[in-house]
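Q: My structure is below; once you've seen it, I'll send some questions.
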Amino acid sequence: MQSYSVPILSQSANKLWDSLKFEIWNGENDQWIQSSLDLLREIAASLDRTPSEWSDKTSPVYTFIINALAECRDRIKDKPTTYLRTSGRIFNALASATPFTFHLTSRTVVPIMDTLAQAHSSGPERTYVLEVLNGMLGARLAQADITGIAAGTNSEELPMLTEYQTSSSNTMSTSFSSFRDRLLEIYHEGIAQIINTPDTIADLSHCLPAIKGLELLFRIPSYLSDSEKGMIVSELVQIALTTDQKDDIVEQSVLALGTISGLQPQLFQTVILPAVLKRLPDQLSEDVTERESQSATIISLLESLVRISSSSSNVLSRQSNFAAFEEILIRKLVQTLSVPGQQQYQHAILASVSAWFEFTTDNQPASKTTANTHTQDSEQDQFSPISFLLSHIVEKRNVDGQDYVYVLDTIDDAFVRFVGDYLMRSLRTKSQSASPIARWDRAHPNSASAVWTLFTSLDHSDFIAAQANLISAPENQNLANALSMSLVAGIQSEVRA
């Protein structure tokens, strides 16, 4: 397509359409169907390689797009359940090509889908309508003003073409904004159905594309207002955190919230995180039955929170969300330390924070997965979760004139294992920033290393020998040494203990 001039290509464009359309509508080979769609997209893009007036209804690109849209519209009118989904793929291919083809396609397709949405509030037709609209949003996200990738050209009219592309993007963006309110209303109808349908047996599969659609709306820059964003996130949180909600709906909501949290980390920190924290109990009940129910709820909430906060591909957003997530949970953990019988709650919190590191490593590119990249100076002014946690679970005791480091009497070996795993994972991700151990040691040059003292200042020169003598040491001292092992395991090679 790219090797032919626009005049030559325009002579064969409609014939190519006639050759490809039935493969898309009726074909069964996915590879051939996708190849046909790719070719349609390339035809549309190639026909729009030269500047043209959008009002010119005789231009090659205009006549090609309008002809294809008219045939799809007629097919949908005759048999919507048969041709909605396949025609939607054609709409996406044509609309993805250039700003002008998107403009032509969206102004034709969105009103048709609006009419069908009013006629079908549920069932497969509703699903197909939402999928077509999602395809249009996907085409909008494929445009150069969002992707940053401009179509290559060998045209001698490069300055004129560049101006045309810029003008086209602005006009496309303005024209598509006219559909914003109605699109938001259509998608919100699906969210409202989920929230207002208490019967978990009811079939709400037609609402799933609505959740995806709201996520796509978030990805279009400046398309939604701040109040609309806040409303959407609040409702998605309500759906994702409902304990008896269907798994597929919860899954789609969590995925959407993960994407949104990467795009708008402030929404994660001001809306999503407080909503989850509000649902976490202050402590586990003494009643066995209620305790089991609470534990299941806590684990479910924390699992969702880990996935939402860690799934973003934006490294800075992911790190910012984790810092807020980590602080909230570590503070919550410390609050439970003074309450007897909360080990199960504490283990769940620590396992969740540790799982964040593992989930991020498994689901992100192998480049930087650092949880904190602040400089040393800025980090000193921020909440330090390791120092904060250890200051609440270890203490200095003087026995027969000798100082020792102990864990608190209420802490057992299971708790130490969970804390140790968290400490090791956390320290290993801080290779790009100053280690809290290194900072502590620099701040206390006359004390034994923080690895041994666990951030408890001790000045005795014989401390390490006494602390490491485990022959007659009490269990509390041995557990403190076990924690020091986790600190050593977490230190990177470039950080001196």
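Where a number appears in this text, it was derived from the coordinates with a stated rule and is not lab data. Given the structure is predicted, the values throughout are model-derived calculations rather than measurements. Don't worry about glycine lacking a Cβ; one is built from the backbone with ideal geometry, like all the others, and counts go over all protein chains shown.
Q: Distances over 27 Å make up what percent of all Cα-Cα pairs in segment 85-230? Walk me through the numbers on the way to the answer.
A: Working: 2797 of 10585 pairs.
Summing the P(r) of segment 85-230 above 27 Å gives 26 percent of all pairs.
Q: Taking a temperature of 20 °C and a viscosity of 1.002 mPa s, what whole-number D in µm²/s does Stokes-Einstein yield for segment 1-142 with Rh from Kirkwood over alpha carbon pairs?
A: 141
Q: Report, as a whole number in µm² per second, the diffusion coefficient that Stokes-Einstein gives for segment 78-135 at 37 °C and 0.692 mPa s using the Kirkwood radius over alpha carbon pairs.
A: Details: Rh = 11.4 Å.
After rounding, the answer is 288 µm²/s.
Q: Let me know the Kirkwood hydrodynamic radius for the chain, please, with Cα pairs as the basis and the value in Å to one decimal.
A: On the way: mean 1/r = 0.0377 Å⁻¹.
About 26.5 Å, per the Kirkwood formula over Cα pairs.
Q: Then there is this: Let's test the formula: R0 of 56 Å, r as the Cβ-Cβ distance of Thr81 and Tyr4. What FRET efficiency results, to the nearest 0.05?
A: The formula returns an efficiency of 0.90 here.
Q: Do you know the relative contact order of segment 1-157, to the nearest whole percent, from alpha carbon pairs under 8 angstrom that are 6+ apart?
A: 22
Q: In Å and from the alpha-carbon atoms only, list the Rg and Dmax of segment 251-347.
A: So, for segment 251-347, Rg and Dmax equal 14.3, 43 Å respectively.
Q: Would you mind computing, in nm to one decimal, how far apart the modelled labels at Val288 and Asp413 are, each placed 7 Å from Cα along Cα→Cβ?
A: Placing both labels 7 Å along Cα→Cβ, they lie 2.6 nm apart.
Q: What is the chain's relative contact order, in percent, from Cα pairs under 8 angstrom and six or more apart in sequence? Before the final figure, lay out the partial values.
A: Numbers: 580 pairs, mean separation 42.5, N = 497.
So the answer I get is 9 percent.
Q: Another question, then. Rounded to the nearest 0.05, what FRET efficiency do Glu327 and Ser300 have when you use their Cβ-Cβ distance and R0 = 22 Å?
A: Calculated value: 0.55.
Q: What's the local net charge at Pro7, with K and R +1, D and E -1, over the other residues with C-beta under 14 Å away? All intermediate terms of the calculation are to be shown ahead of the outcome.
A: Working: positive: Arg49; negative: Asp48.
Net of charged neighbours comes to 0.
Q: How big, in percent, is the set of alpha carbon pairs in segment 170-298 lying more than 24 Å apart?
A: So the pairs more than 24 Å apart make up 36 percent of the total in segment 170-298.
Q: Sort Leu316, Leu280, Leu133, Leu487 so that the residue with the fewest other Cβ atoms within 10 Å of its own Cβ comes first and the one with the most comes last.
A: By the 10 Å Cβ count, ascending, the order reads Leu316, Leu280, Leu487, Leu133.
Q: Then there is this: Could you size up the charge dipole of the chain around its Cα centre, putting +1 on the beta carbon of Lys and Arg and -1 on that of Asp and Glu, and report it in debye to the nearest 20? Present the calculation step by step, with values, prior to reporting the outcome.
A: On the way: 37 positive and 57 negative charges, 194 e Å.
Its charge dipole is roughly 940 debye.
Q: Estimate the FRET efficiency between Asp38 and Ile195 by the formula 1/(1 + (r/R0)^6), using the beta-carbon distance for r and 41 Å for R0, to the nearest 0.05. If you can, show how the numbers build up before the last one.
A: On the way: r = 39 Å, r/R0 = 0.95.
Result of the calculation: an efficiency of 0.55.
Q: To the nearest whole percent, what portion of all C-alpha pairs in segment 160-229 is separated by more than 13 angstrom?
A: 72
Q: Using Cβ contacts closer than 10 Å as the measure, can you line up Ser35, Ser449 from fewest to most?
A: Details: Ser35 13, Ser449 20.
Fewest-to-most ranking of Ser35, Ser449: Ser35, Ser449.
Q: If you don't mind, there's one more thing I want to ask. Can you pull the one-decimal nm distance between simple spin-label points at Ser387 and Asp56, each 7 Å off the Cα toward Cβ?
A: Taking the two extended label points, one gets 6.8 nm.
Q: Let me ask another. Where does the Debye-calculated log10 I(q)/I(0) of segment 89-169 sit at q = 0.22, 0.23 Å⁻¹, using only Cα point scatterers of equal weight, no solvent?
A: Here log10 of I(q) over I(0) equals -0.97, -1.03.
Q: Now for a separate question. Which is the longest part of the chain that has none of the GluC sites (Glu not before Pro) sitting in a DSSP loop with at most 15 other Cβ atoms within 10 Å?
A: 287-493
Q: Return the subset of Lys21/Lys229; Lys15/Lys77; Lys15/Lys79; Lys57/Lys212; Lys57/Lys229; Lys57/Lys77 for which the Cα-Cα distance in this structure is over 32 Å, preserving the input order.
A: Violating the 32 Å Cα-Cα cut-off are Lys21/Lys229; Lys57/Lys212; Lys57/Lys229.
Q: Turning to a different aspect of this structure: I'd like the distance separating the alpha-carbon centroids of segment 219-254 and segment 4-40, in whole Å.
A: Using only Cα atoms to place each centre, the spacing works out to 38 Å.
Q: Stretch Ala142-Thr115 to full length: gain in nm at 0.36 nm per residue minus the Cα-Cα span? Write out the running numbers ahead of the final one.
A: Details: separation 27, 0.36 × 27 = 9.72 nm, distance 2.55 nm.
Extra length available between Ala142 and Thr115 comes to 7.2 nm.
Q: So what is the 222 nm mean residue ellipticity for the chain from helices alone, if each DSSP H run of at least 4 adds -39500 (n - 2.57) and you divide by all residues, rounding to the nearest 500 deg cm²/dmol? Present the calculation step by step, with values, prior to reporting the outcome.
A: Values: 23 runs with 334 residues, N = 497.
Calculated at 222 nm, the ellipticity per residue is -22000 deg cm²/dmol.
Q: With unit charges on the beta carbons (Lys and Arg positive, Asp and Glu negative) and the dipole taken about the Cα centre of the chain, which residue among His444, Ala192, Gln346 sits farthest to the positive side?
A: Ala192
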